[in-house]
Amino acid sequence: MDKKIIVLFLILGIILSGCKIAEEQTEEPVETGGEELNEAIETEGETEEINDTEPEEGLNETIETEGETEEINDTEPEEGVLKIEIDHLTLSQKDVVIEKGTTIVWENKENNKHKLTIYGLVQSPILYQGDSFEYTFEDEGKYTYICAIFKRQIRGTITVE
């Protein structure tokens, strides 16, 4: 009887430590191979307009430095960087067209965790609320991306020109 309990605890310990190791190993970006996967999942003709909203009032501030006045806009995007927010199982910009060398930053604004896969290129680590993942597109082409966890809700295309 005592040997069965010891064996049971050993097996339980091995299983629990194996789960923790597997979770830690999937946290780094993973290269995915081949562009043949890029054509495998297309977004059945769905296209969504890019939401270019005006910045909210009160987000601009003025800084005075020794007689000079400089206006800073907190919502102004960086040159060559496109930000896509994930919130309420939707993307702020679903299908986008960008120039070569542009970096896209996906930011998870919600409680759900996400794991993005850009077919033929890369896979993000798990993104918890407040986490972000970025990738710089150096080659022209059309790339499909999805969330490995919410495949039907979180998907889009990136066209690099």
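Is it the case that GLY156 is in contact with a Gly (Cβ under 9 Å, 6 or more places away or on another chain) and either within 13 Å of LEU91 (Cβ to Cβ) or touching a residue at least 24 places away in the same chain (Cβ under 8 Å) (or both)? For GLY156, the condition - in contact with a Gly (Cβ under 9 Å, 6 or more places away or on another chain) and either within 13 Å of LEU91 (Cβ to Cβ) or touching a residue at least 24 places away in the same chain (Cβ under 8 Å) (or both) - is not met.
Restricting segment 121-146 to residues that are small (Gly, Ala, Ser) and surrounded by fewer than 20 Cβ atoms within 10 Å (Cβ to Cβ), which is farthest from ILE98 (Cα to Cα)? This residue is GLY130. Residues in segment 103-134 that are touching a strand residue (DSSP E or B) at 6+ places or on another chain (Cβ under 6 Å) and within 14 Å of LYS83 (Cα to Cα): THR103, ILE104, VAL105, TRP106, GLU107, ASN108, LYS109, ASP131, SER132, PHE133, GLU134. The residues on offer are ILE104, ILE158, ILE149, and the sole one that is of a type in the set (A, V, I, L, M), surrounded by 14 or more Cβ atoms within 10 Å (Cβ to Cβ) and not in a strand (DSSP E or B) is ILE149. If you scan segment 100-118, which residues turn out to be more than 15 Å from ILE149 (Cα to Cα) and either out of contact with any His (no Cβ under 9 Å at 6 or more places or on another chain) or among the hydroxyl-bearing types (Ser, Thr, Tyr) (or both)? Within segment 100-118, LYS100, GLY101, THR102, THR103, ILE104, VAL105, GLU107 qualify. Taking the criterion of being surrounded by fewer than 19 Cβ atoms within 10 Å (Cβ to Cβ) and in a strand (DSSP E or B), the only residue of segment 107-120 that qualifies is GLU107. Of all the numbered requirements in (1) within 14 Å of ILE84 (Cβ to Cβ); (2) within 13 Å of the chain's Cα centre (by Cα), PHE137 misses one, and that requirement is (2).
For the structure I just gave you, tell me whether GLY130 is under 12 Å from the mean Cα position of the chain (by Cα), at pLDDT 95 or above and outside any strand (DSSP E or B). Show your work before the answer.
Working: under 12 Å from the mean Cα position of the chain (by Cα): yes; at pLDDT 95 or above: yes; outside any strand (DSSP E or B): yes.
Here the answer is yes, as GLY130 does meet what is asked.
The values are calculated or read from the model by the stated rules, or taken from the named source; none is laboratory data. All values derive from a computational prediction rather than experimental measurement. All Cβ positions, glycine included, derive from the backbone under ideal geometry; neighbour counts span all protein chains shown.
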